[in-house]
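Here the structure comes first, spelled out in structure tokens, and everything after it is commentary.
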Amino acid sequence: MDLVAARCPAERRPIRHIDPALLLAMLALIVSGLFMVYSATHQSLSAVALDPGTYLKRQATFAALGVVIVMLMASFDYRFLRIYAGMIYGASILLLLLVRTPLVRR
């Protein structure tokens with residue numbers, strides 16, 4: 001905890017170490033995904049007289065939500081979770097084991 005508190009103010013800004021190349025790659029994937037969704041659904045939705053942008057709007061909404069979540073996670077200082085690392089690890093293992101149990105039948 002003392003390592004985090006001793007950082008200089010430039011290190012404590014909300015979005016510290018975002019790689020611009022990674023950000024551009026993410027935006028390029030979002031834009032290409034929007035083009036693909038629109039091109040895959042435009043003809044079939046127009047043929048049945050529905051809004052051809054229905055799935056495009058849904059995809060854009062989820063993409064915007066994803067960008068917001070990425071920015072929130074980038075601004076979060078993960079070093080504060082060091083105290084809870086053991087509990088988080090144990091909960092992850094427990095959840096992985098629960099996948100193998102027949103708790104939910106379909």
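Where a number appears in this text, it was derived from the coordinates with a stated rule and is not lab data. What you are looking at is a predicted structure, and each value in this text was computed from that prediction instead of being measured. Backbone-built Cβ (ideal geometry, glycine too); neighbour counts: all protein chains shown.
Where in the range 55-92 does the label zone of LEU98 land, with the point 7 angstrom along Cα→C-beta and an amide N cut-off under 20 Å?
From the range 55-92, the list is 84-92.
Pull out the extension gain between MET26 and PHE62, defined as 0.36 nm times the separation in residues minus the alpha carbon to alpha carbon distance; nm, one decimal.
In short, 11.6 nm is gained.
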